[in-house]
Amino acid sequence: MAEHAPRRCCLGWDFSTQQVKVVAVDAELNVFYEESVHFDRDLPEFGNTEVYTGRLDPSRH
């Protein structure tokens, strides 16, 4: 098996009400990995078809 040199990278995470997504970029900001989990599609056993789509009201806190 060939050895690969370590690669510096940065991960970006996006957590939303409908999915979680991760993107990996190298030192030159080239995307070399991207993956997501869509809750309704990939985790139907949790029955997450109802998600909050309204607006948050910061004045209520």
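The values are calculated or read from the model by the stated rules, or taken from the named source; none is laboratory data. Computed from a predicted model, the values in this text were never measured in an experiment. All Cβ positions, glycine included, derive from the backbone under ideal geometry; neighbour counts span all protein chains shown.
Values as computed for the structure displayed
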read-out: Qualifying positions in region 19-37 - surrounded by 12 or more Cβ atoms within 10 Å (Cβ to Cβ) and within 21 Å of Pro6 (Cα to Cα); value: Val22, Val23, Ala24, Val25, Asp26
read-out: Candidate set from region 30-61 (those that are under 30 Å from Cys10 (Cβ atoms) and among the hydroxyl-bearing types (Ser, Thr, Tyr)); member that is modelled with the lowest pLDDT; value: Tyr52
read-out: Extreme residue, farthest from Arg55 (Cα to Cα), among residues of region 1-45 that are touching a helix residue (DSSP H, G or I) at 6+ places or on another chain (Cβ under 9 Å) and assigned to a strand (DSSP E or B); value: Ser36
